[in-house]
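What follows is calculated from the coordinates using simple rules that are stated; it is not laboratory data. Please read these numbers as outputs of a predicted model, since none were measured by experiment. Please note: Cβ atoms are built from the backbone with ideal geometry, for glycine as well, and neighbour counts cover all protein chains shown.
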Amino acid sequence: MGYQIFGKREFYSNIKGEHSYFTVRVSDQKIHSNVNDVTLMASFDAETIFRHFDEVSSDGGIIYDSELENVDTEIVRTLDSTFKERLHKYLESKNKPFTISGVLEIAKEKGVTLYPVSFKKILENLAQEADNPKLRGLIRMYNVIGVSLSLGLIKMPSDSLLNSIDTIFSKKPQIAEINKQAANYSYNYASKLENFEHSLTGTTKQPYTILVQGHYGTSIGKIVAGCRFQSYYPITPASDESNYLESNEILQIQDDRPGSTAVIQTEDEISAIGMMIGAALTGTRSSTSTSGPGFALMTEAIGWAGINEVPIVITLYQRSGPSTGLPTRHGQDDLLFAVNAGAGDFPKIVYASGDIEESFYDTGRCFNYADVFQLPVIHMMDKFLSSSVVTCKRFEPNKITIDRGKLLDKVEGEYKRFAFTDDGISPRSRLGLDNGIFWNTGDESDEYGHISEDPVERIMMMDKRMSKLDLALERIPDEEQAVSFGAHEHTIVSWGSTKGPIIDALSMLKKEGIDIGFIQIKLIHPFPTDYVKSLLKDTKIIIDIEANYSGQLGQIFKQNILKDIDYFILKYTGRGMTSTEIYDSLKKIVENKADKREVLTHGA
Amino acid sequence: MALKLADYKTDVHNDWCPGCGDFGIVNALQMALAEMGIERDKATIFSGIGCSGKTSHFINTYGVHTLHGRVLTFAQGGKLANPEMTVVAVGGDGDGLGIGAGHFVAAGRRNVDMTYIIFDNGVYGLTKGQASPTLKLGEQTKSLPSPNTNYDVNPIGLAIASGFTFVARGYSYDVKHLKDLIIKAVKHKGLAFLDVLQPCPTYNDINTRDWYAGVDLAQESIERHSRIYKLEDTQFDPLVHYDDEIEVNEKLSQALIKSLEWGTKIPTGVFYQNELISTYTIRLKDKIPNYLENPPAKQKISEDGFPITDVSKILDSLQV
């Protein structure tokens, strides 16, 4: 079809039964985020209507099952009492009954076009036409019916719909057939409904475009970067990545025999990081992927990797904390925790990706940083990214480079793993290498790696390790440290997945002649103070945008740049930011009407 | 050039207490490595935290002194990334059966081909003698303010229940026997567990060298009467010969019953051995056919600084 899409899944921490929904935004231009308004809502249960009816814009439409019109809020058991109370109050104020009809009346009064369709009748008619009475009871097909109705309504050619069904049910041709029957029937049914003024009939295809899910960037990035060992413990939203690596464990290698990734499910996150470090000591590029609570269990071993100068990459898919928090919802709550993770002073790198495409290339960078500077690298990702489905430019593996730093292939003469060198980085042997014997210990050690409590040697070892932070700032190119989308009188500083909605919000403002700058900080630790300072030299008002309560990047920024943040735009509902709400807050800031803390709330 | 015992020793100063049982274990380990002729750079000793954790520094092979309770995790990761290496993990009973008990059980289920030796002395020596998991309920070693309030873990029983495929016990003052057990454990195909009774002369004043030697029993009867005896001197057959459920269950049960023997007669030697259960590396090989020839640590990942992994098929499948 040629469209660019931005899709996002939302779901409860439950296996099935609770409310899940998927929002997809479609454009002929590159888009990076969702907006508040929904143009067309395809619902196939009552809860969706109760929770989302007011998101549909006045020129939009709602497809719904007409059998549900009399359903009231009490029947929908998955509506929690807090939500119901809020909804009831609202309906009372509008003088409407607590039913589907009641909420739909409100939508209709706003201008929304309603498309009532009896899903039951569709199945009955379909059963009759196909002479297959079994179809009558197949309510599992409601989703295909809903999707097909909506595509019929927006006049999207049906071949992509039918192809998708073939792909999804490629191993079950009979089921594919039944679904295609239902799809065709519903698609054609939509043409008999009232005309919907929005249509998507296709646009010019952009070459080299791929459709990716959230974890594909880091997963495929790890494969390309040569990560050959990944240990993990299941946790939302990080395990999809490990699952993907295991599903693709045998790898094609140019002009060589196949390679492979050993993916090991461990008994807990402590074991995951322990195994990863053990594997990294053999010279294998090794990694794990986790979320906040799992990362918390890893902190002791991160310190071990720090003092022993072991290159490891931890991909941290953040979710909302504290503790279990909102386990399937978004949050950028763990930045300060990542920067400070582990007992004692030791060097590490914390690096943040802004979108899925970026995360592919950043994964390559993270492994290089780990190898070159011989330290743990924490790659910050989050639930917003992991549950997005987007179109982007096809990943280009040859834009990833592989730099193993001072990793040795052979050792001659006496070897000292922690030898003092000019740049603080010692040549690195690996377990099993001829003549490369070394010792590791979580204690302070001498150059061989044997325990040492000598006070003079202690200073030298601490200085050697910690000097790598300065070295990293010196050697990591500016454009990898932070990305400037322009700096103006008002400039945003932000990190991670807020990038997409910020870029879209800025282009909305630009259309109105409002220029706001944006510095996306990628290297969070060590903080690129000099470079960020230079980027902000003409900025007067600094706006920090983050999906957490306390403005964690803002704190790091202030500590390093010695400047206050003027405005915070924060969100901690567990739902991702939309470009609309960032736009609204930025506009208030420019107009001097904003609070110092703008707290965003959109999303069910 | 044949390697001698001295080649496996480092010149690191050993700061264990005089008379410590740990010395016997380190000597036995060095003797076993020398006898098997394992190249120094093809072996890694992983160790936990505590007195026993220092072991890796005294042996002249690769040595990785890890974290408290986590030695098995590091060791398994190293072995799975580089399966050609001989891997021996060591640690105390507090390390392996207290803080690390979860990893102990999980390691048994994996059956990675390596050896795990527990230095079993009933106390946390390096933190000045608190009760550790193998100290019996009600016993009061000399630095305990009151008798131990916890029941003891049965290391042999736990290993058997967790799926270890070689389970044995040694005594640190019978170095030759211990050396033979270590050789058997290292040669075993699968995860081998060796529980080594190791008197702590400073903090465990109950299970002392004299106590194991049965000095107190000798006072009651006339003859000298060591508590320690060897299973191989009895009719006990620990080996599973056939891949047969009835036989396996019998061997597991007899080992478990044997593991409960304590007091005046303490068995050492092999309690259970089963090489018919697949090792973890074989399980990986079933999924990744060339895993053993081309394991993670040996794989080439780049050429002139660029990746050589071809993901074009994956990317083609994502093309829209």
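Miscellaneous remarks
- Crossing angle, helix A:499-511 versus chain A [Cα axis fit, 0-90 degrees, rounded to tens]: 60 degrees
- Low-density loop cleavage sites - trypsin sites (Lys or Arg not before Pro) in the stretch A:179-208, where at most 14 other Cβ are within 10 Å (DSSP): A:LYS192, A:LYS205
- Whether the stretch B:89-193 is rounded, prolate or oblate, judged on the alpha carbon gyration tensor where a/c under 1.5 counts as rounded: prolate
- Whole-Å distance, taken between Cα centres, linking the stretch A:451-471 and the stretch A:557-604: 41 Å
- Phi angles of the stretch A:426-433 translate, via the Karplus equation with coefficients 6.51, -1.76, 1.60 and θ = phi - 60°, into HN-Hα couplings of 9, x, 10, 7, 9, 3, x, 6 Hz per residue; Gly and Pro are given as x.
- Taken over the alpha carbons of the stretch A:212-399 as equal point scatterers, the Debye sum produces base-10 log I(q)/I(0) values at 0.11, 0.17 Å⁻¹ of -0.41, -1.04.
- Contact order, relative form, for the stretch A:4-191: 17 percent (alpha carbon pairs under 8 Å, 6 or more residues apart, mean separation divided by residue count).
- With eigenvalues of the C-alpha gyration tensor scaled by 5 and rooted, the stretch A:76-181, Å: 34, 16, 14
- Radius ratio Rg over Rh of the stretch A:4-191, counting only Cα atoms, Kirkwood formula for Rh: 0.97
- For chain B, the longest principal axis of the alpha carbon atoms and the long axis of helix B:175-187 meet at an angle near 30°.
- This model, with +1 at the C-beta of Lys and Arg and -1 at the C-beta of Asp and Glu, gives the stretch B:189-320 a dipole about its Cα centre of some 300 debye.
- For the stretch A:361-397, backbone nitrogen atoms closer than 19 Å to the point 7 Å from B:GLU303 Cα along Cα-to-C-beta are found at A:396-397.
- Long pairs among A:LYS406/A:LYS464; A:LYS383/A:LYS406; B:LYS184/B:LYS287, criterion Cα-Cα beyond 26 Å: A:LYS383/A:LYS406; B:LYS184/B:LYS287
- Chain B: most fluctuating residue of B:VAL71, B:VAL87, B:VAL153 per GNM, C-alpha cutoff 10 Å: B:VAL153
- Charge-dipole axis of chain A as Lys and Arg at +1 and Asp and Glu at -1 on Cβ define it, positive-most pick from A:LEU570, A:THR113, A:ASN560: A:THR113
- Relative contact order (%) - criterion: Cα under 8 Å, at least six apart; region: chain A: 12 percent
- Prolate/oblate/rounded call for the stretch A:14-60, Cα gyration tensor, a/c under 1.5 rounded: oblate
- Charge dipole magnitude, Cβ of K and R +1, D and E -1 - chain A, Cα centre, debye nearest 20: 1280 debye
- Among B:TRP211, B:TRP262, B:TRP16, the largest mean-square fluctuation in a Gaussian network model of chain B (Cα springs under 10 Å) belongs to B:TRP262.
- Spin-label zone in the stretch A:124-146 - amide nitrogen under 19 Å from a point set 7 Å from the Cα of A:GLU177 along the C-beta vector: A:126-138, A:141
- Rounded tilt (10° steps) of A:100-110 against the dominant C-alpha axis of chain A: 90 degrees
- Per-selection Rg to Rh, the protein assembly as shown - Cα, Kirkwood hydrodynamic radius: 1.04
- From the alpha carbon centroid of the stretch A:348-401 to that of the stretch B:54-130 is 34 Å.
- Additional length obtainable on full extension of the chain from A:ASP131 to A:LYS30, 0.36 nm per residue less Cα span: 31.8 nm
- The relative contact order of the stretch B:163-300 comes to 28 percent, based on Cα pairs under 8 Å that sit 6 or more residues apart.
- Spherically averaged projected area of chain B from its Cα convex hull (nm²): 22.3 nm²
- Sorted by Cβ neighbour density within 10 Å, fewest at the top, the residues B:LEU126, B:LEU80: B:LEU126, B:LEU80
- Pairs from the list A:LYS563/A:LYS588; A:LYS30/A:LYS468; A:LYS348/A:LYS499 with a Cα-Cα gap above 27 Å: A:LYS30/A:LYS468.
- A:TYR216, A:TYR583, A:TYR208 arranged by Cβ crowding within 10 Å, fewest neighbours leading: A:TYR208, A:TYR583, A:TYR216
- Solvent-free Debye scattering, log10 I(q)/I(0), computed from the Cα coordinates of the stretch A:406-476 at q = 0.15, 0.18 Å⁻¹: -0.53, -0.74
- Burial ordering of A:LEU600, A:LEU469, fewest other beta-carbon atoms within 10 Å first: A:LEU469, A:LEU600
- Within straight-line cross-link reach of B:LYS285, aspartates and glutamates at Cα separation under 20 Å, skipping those fewer than 8 residues along the same chain: A:GLU246, A:GLU249, A:ASP256, B:GLU84, B:ASP113, B:GLU275, B:GLU293
- Cβ-Cβ FRET estimate between A:LYS563 and A:ASP470, R0 fixed at 25 Å, reported to 0.05: 0.70
- Remark on B:VAL123: its backbone amide H falls under 5 Å from those of B:SER132, a criterion applied only to residues 5 or more positions apart or on other chains, H modelled at 1.01 Å from N.
- The stretch B:205-247-the stretch A:46-114 distance, computed between alpha-carbon centres (Å): 77 Å
- Loop GluC sites (Glu not before Pro), the stretch A:144-235, which have at most 12 other Cβ atoms in a 10 Å radius of their Cβ (DSSP): A:GLU194, A:GLU197
- Across peptide A:424-436, the mean count of Cβ atoms from other chains lying within 10 Å of each residue's own Cβ comes to 4.
- Pairs of alpha carbons in the stretch B:1-107 separated by more than 22 Å make up 30% of all such pairs.
- Distances between placed amide hydrogens fall under 5 Å for B:PHE46 paired with B:VAL64, B:VAL88, B:ALA89, B:VAL90, all partners being 5 or more residues away or on another chain.
- Computed with the Debye formula from one identical point scatterer per Cα of the stretch A:289-401, without solvent, the log10 of I(q)/I(0) at q = 0.10, 0.23 Å⁻¹ comes to -0.30, -1.26.
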